[in-house]
1. With each pseudo-label sitting 7 Å past Cα toward Cβ, what's the residue 148-residue 111 distance in nm, one decimal?
2. Work the Kirkwood hydrodynamic radius out for region 110-185: mean of 1/r over every pair of different alpha-carbon atoms, inverted, in Å.
3. In nm, to one decimal, how far is the residue 34 label point from the residue 16 one, both placed 7 Å along Cα→Cβ?
Amino acid sequence: MNDNRRSPLFNEERSAAIGELLANVAQDGTPENRHFQNTKGKRILLAGVAVALVATGGAIVMQLPVTDKSSIDCFARAELHGNQFPGTTVVLGEGTKVGEPSTQRNAIPIEDALAACRAVWANHGLDPNAPDGRTPPNLRDGSSSSPIPNPLTVCVLSDGRAAVIPGDENVCGALGLALKTDTAP
């Protein structure tokens, strides 16, 4: 048997103090009650924010600029699995910059990702029903008359390149991507 001569954790004095604290929390106007009411309000506010996030699918719209214009990804549908997506990557080609040796090759920047992917859609280069999102070459149409999804949204991939995806601006957040800003910071 352990005979502990020190004061026990719950003696009469401590029990009385706990009882007094509980009474003060329950009584209107006491500092303890006001503190409880303030923290209760904060808990209700946080619970409301949590419910709002769940109701919106937790989609918080983050915006970033496109920092790499060497290529863009044109999606046939709003689907992304790691780095794999249904669609195609567009590259304009390579060139030399003024003052560089002719052996230096640089990607030609794509300034308007939306226009570039609209052109791919118009030429029937994308097929949302194809497993890989691309229209087979023998079925492509060079007349620029194929339908273009509306809306198309420009998102930003983790590597800073643009991705043009069928859907409204919520599509970016749903795929874990940022929405493209109009200006660089």
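1. 1.7
2. Values: mean 1/r = 0.0752 Å⁻¹.
Computed over region 110-185, the radius equals 13.3 Å.
3. Going by the 7 Å Cα→Cβ label model, 2.7 nm.
Here, each number is a calculation from the coordinates, and none is a lab measurement. Because the structure is predicted, anything quoted here is derived from the model rather than measured. Glycine gets a Cβ as well: all are built from the backbone with ideal geometry, and neighbour counts include every protein chain shown.
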